[in-house]
Amino acid sequence: MAMHRGRGFASINYPIGMNLGGDPSQALVHSNPDGKFTVALSSIDLGQGMKSVTRQIAAETLGIPVADVYVDTADSDTGPHCMGSFASRGTHRVGNAVIQAAQEARAVMLEAAAEELEVDATDLVTDGRGNIHVKGATSRSITTMAACQAAQFKQGRTVSGRGIFLIPLSEVDPETGEMTPVSCFAHAAMLVEVEVDDETGEVSVLDMQSAYEVGRALNPRLVEQQLVGGAWMGMSHALWETTEPYYPDRSHGPVDFNNYLMPGPGDLAPHHISVLERPAPDGPFGGKGPGEMCANPVLPAVANAVYDAVGVRIDELPITPEKVLRGIRANGGARPKMRLTRTQFAGAR
Amino acid sequence: MAKKPVTFILNGSERAAFAEEGLNLLEFLRRGIGDLSPKYGCGQGTCGACTVIIDGETHLSCLTMAVAIEGRKVETASGLANGKVHPLQEAFMEHFAAQCGYCTPGMLMSAKVLLDRNPAPTRADVIEAISGNLCRCTGYEPIIDAILATANMRRLA
């Protein structure tokens with residue numbers, strides 16, 4: 001009886017959001033009497049950072065400090081419609097809607113400033129620190145607060161904007177059947193090293209090396225947080241978690257945390273992550289969505305690593321000790337893949 | 001059901017309230033006292049979201065009778081910040097150790113007891129200390145890092 005080490009690789013393309021057309025999200029932006037801005041959404045922040053990233057996007061588009069933006073969200077009674085927080089769509093879909101809404105609000109803010117400064121709105125720029133000034137003449141300036149207040153209390157304008165992001169319907173070519181189902185892909189590749197005990201069938205993940213291509217990482221710390229936590233959950237789905245252990249037989253289904261298996265802090269594997277940034281042409285400031293695809297490459301990579309370690313090909317998740325042991329028995333013992341040395345590999349080619 | 005008076009120290013202040021016999025400490029703190037920092041996760045002692053500190057030791061408040069804390073000292077996450085945020089809370093923010101945040105109060109309690117007892121914990125010590133607290137978002141790494149960083153900061157200070 002022995003421990004066998006194996007390595008597995010997987011790479012994935014992850015389509016952002018629901019596709020084939022539609023998948024709308026809306027945003028409303030308005031200035032308050034204190035010159036700060038509220039972004040109204042009904043998209044949900046589950047902790048992934050929706051509020052932070054839409055706040056950054058609104059501030060960047062409006063040309064004002066992040067501290068001057070408040071994101072009011074998660075209430076479908078008071079916010080405009082959003083399909084929801086799933087399919088890694090939040091940053092991409094909601095972010096685009098926020099940009100459109102913020103652009104419209106910014107245009108009104110600049111018109112109001114232009115009227116106060118008696119200049120043309122097209123000559124005005126924002127400095128991102130709460131001021132609007134004439135291009136090339138920083139002394140001819142007005143604060144964003146003063147401009148917004150003039151609009152609301154003197155000029156009779158609402159400094160507001162509406163935004164929606166909607167994917168056009170993808171028409172099917174009647175002759176070829178060709179269509180464009182997806183507008184934006186994120187990518188990932190992962191190498192996993194495991195150790196398999198051929199006596200117990202237990203699999204331990206020893207190390208994960210990954211590269212994630214997420215478009216532009218709009219908030220690098222939140223992206224890292226998503227990748228670390230999401231990949232851990234991928235490992236968990238590969239080896240532990242299921243609500244239907246003997247599907248379609250419903251018996252032995254877990255009913256609580258006592259018998260729903262999941263890894264704890266003692267079951268972690270070191271994860272070395274590289275974030276690759278290739279801005280998406282249709283993403284907000286190039287952003288895609290790191291959500292679900294954090295977890296996706298881990299499952300096939302672990303399955304491949306188990307095959308490499310003991311020669312058992314498991315195609316039903318999770319990869320439980322029972323399935324590994326049954327596979328080893330069916331094969332008449334563990335069959336580690338033959339490892340070629342570098343010289344042998346070169347010779348074999 | 002008969003009610004009993006319970007007098008105890010909550011985060012340094014004496015509190016008194018009536019508790020039904022059989023009421024658990026979690027419900028007593030949340031509904032009777034109004035301290036919402038301990039969270040209801042599973043109600044059966046497997047998730048750790050309701051962890052509080054009683055006389056310096058971590059306890060699962062969902063499995064503790066409210067009447068059993070008579071005369072004892074109870075600490076919850078809402079008592080950690082004293083004028084300014086506690087170093088552990090600071091480190092949790094710095095290391096992005098929360099996403100949905102539901103496990104955070106319990107994690108902070110387990111971490112506090114660890115650091116009060118062992119100012120120089122190893123990574124393995126931290127893992128053991130939080131092994132009764134489930135987290136579904138972070139993959140635990142940022143939480144472990146935050147606790148180790150707090151210990152390091154304290155040693156340097």
Given the whole protein assembly as supplied and a 1.4 Å probe, what does the accessible area of residue B:62 come to in Å², nearest 10? 20 Å²
Per the Debye formula with a single identical scatterer at each Cα and no solvent contribution, what log10 I(q)/I(0) holds for the stretch A:81-148 at q = 0.13, 0.21 Å⁻¹? -0.46, -0.78
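Just how large is the dipole of the stretch B:105-157 about the Cα centre, in debye to the nearest 20, putting +1 at every Lys and Arg Cβ and -1 at every Asp and Glu Cβ?
Its charge dipole is roughly 120 debye.
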Which Cα, out of B:118, B:137, B:104, lies furthest along the positive dipole direction of the stretch B:87-156 (beta carbon charges, K/R +1, D/E -1)? B:118
Taking Lys and Arg as +1 and Asp and Glu as -1, residues besides residue A:332 with C-beta under 13 Å from its C-beta add up to +2
Taking all protein chains as present, what is the carbon and sulfur share of the accessible area of the stretch B:87-156, in % to the nearest whole number, probe 1.4 Å? 59 percent
Mean shadow of the stretch A:1-124, computed from the convex hull of its alpha carbons, in nm²? 12.9 nm²
What pairs in A:288/B:39; A:36/A:154; B:73/B:112 have C-alpha atoms more than 25 Å from each other? A:288/B:39
Debye intensity ratio in log₁₀ form over the Cα atoms of the stretch B:18-136, taken at each q of 0.10, 0.15 Å⁻¹: -0.29, -0.65
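For chain A, list the DSSP H helices whose alpha carbon atoms reach 30 Å or more along the long axis and whose average Kyte-Doolittle value is -1.0 or above?
A:95-117
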Could you tell me the total accessible area buried at the B-A interface, probe 1.4 Å, in square angstrom to the nearest hundred? 1800 Å²
Fraction of antiparallel bridges per DSSP, the stretch A:1-159 only, in percent to nearest 5: 75 percent
Using a loss threshold of 50 Å², tell me which positions in the stretch A:218-260 are less accessible in the complex than in their chain alone. Probe radius 1.4 Å, ligands and nucleic acids ignored. A:221, A:225, A:232, A:257
Low-density loop positions, trypsin sites (Lys or Arg not before Pro), the stretch A:232-318 - DSSP coil, at most 11 other Cβ in 10 Å: A:250, A:313
Projected label distance in nm at residue A:316 and residue A:166, using a 7 Å step from Cα toward the beta-carbon: 4.5 nm
Within the stretch A:62-87, the residues whose backbone N lies under 17 Å from a label point placed 7 Å from the Cα of residue A:155 along the Cα-to-Cβ direction are A:62-64
Using a 7 Å offset from the Cα along the Cα-to-Cβ direction at both residue B:2 and residue A:252, what is the distance between the two label points in nm, to one decimal? 4.8 nm
Add +1 for every Lys or Arg and -1 for every Asp or Glu among the other residues with Cβ under 15 Å from the Cβ of residue B:9, and state the total. -3
Using Cα centres only, tell me the gap between the stretch B:93-146 and the stretch A:108-138 in whole Å. 49 Å
Volume per residue, Å³, of the convex hull around the alpha-carbon atoms of the stretch A:142-264? 336 Å³
Mind checking which of A:166, A:20, A:102 is farthest towards the positive end of the protein assembly as shown's charge dipole, using Cβ charges of +1 (Lys, Arg) and -1 (Asp, Glu) about the Cα centre? A:102
Given Cβ charges of +1 for Lys and Arg and -1 for Asp and Glu, the option among B:153, B:83, B:50 whose Cα lies farthest towards the positive end of the dipole of chain B is B:83
Which residue fluctuates the most in chain A, going by a Gaussian network model with Cα springs under 10 Å, if the choices are A:188, A:102, A:211? A:211
Roll a 1.4 angstrom probe over the protein heavy atoms and tell me the percent of accessible area of chain A that is carbon or sulfur. 52 percent
The stretch B:26-157 - charge dipole about Cα centre, Lys and Arg +1 at Cβ, Asp and Glu -1, debye rounded to 20: 140 debye
I need the per residue convex hull volume for the stretch B:87-156, using only the alpha carbons, in cubic angstrom as a whole number. 71 Å³
D for the stretch B:3-79, whole µm²/s, Stokes-Einstein with Kirkwood Rh over alpha-carbon pairs at 25 °C and 0.890 mPa s: what number? 205 µm²/s
Where is the GNM fluctuation largest for chain A (alpha-carbon springs, 10 angstrom cutoff): A:43, A:210, A:76? A:76
From the Cα trace of chain A, what convex hull volume per residue do you get, rounded to a whole Å³? 229 Å³
Residues of the stretch B:115-142 that become at least 30 Å² less accessible with every protein chain present than in their own chain isolated, using 1.4 Å: which are they? B:127, B:134, B:136, B:139, B:140, B:141
Which cross-chain or sequence-distant (5 or more) residues have an amide H under 5 Å from the amide H of residue B:58, H modelled 1.01 Å from N in plane? none
Length gain on complete extension for the stretch residue A:34 to residue A:202, per 0.36 nm per residue less the alpha carbon to alpha carbon distance? 54.4 nm
Förster-model FRET efficiency, 45 Å R0, residue A:276 and residue B:73, C-beta, rounded to 0.05: 0.30
Charge sum, other residues only, whose C-beta stays under 14 Å from residue B:28's C-beta, Lys/Arg counted +1 and Asp/Glu -1: +1
Rounded to the nearest 5, what is the percent of antiparallel bridges among the DSSP beta bridges in chain A? 80 percent
For residue A:337, go through the aspartates and glutamates and keep the ones whose alpha-carbon is under 20 Å away, minus same-chain ones fewer than eight residues off. A:193, A:195, A:197, A:198, A:199, A:202, A:207, A:308, A:315
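Could you tell me which GluC sites (Glu not before Pro) in the stretch B:9-107 are loop residues by DSSP with no more than 11 other beta carbons within 10 angstrom of their beta carbon?
Filter output for the stretch B:9-107: B:21.
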Measuring from its Cα centre, chain A shows a charge dipole (+1 at each Lys and Arg Cβ, -1 at each Asp and Glu Cβ) which, in debye to the nearest 20, is 820 debye
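The values are calculated or read from the model by the stated rules, or taken from the named source; none is laboratory data. This one's a predicted model, so the numbers in the text were calculated from it and none came from an experiment. As a convention, Cβ positions derive from the backbone with ideal geometry for all residues, glycine included, and neighbour counts pool all protein chains shown. What goes into the accessible areas is simple: the full protein's heavy atoms, side chains included, and nothing from ligands, DNA or RNA. Shrake-Rupley method; radii C 1.70, N 1.55, O 1.52, S 1.80 Å.
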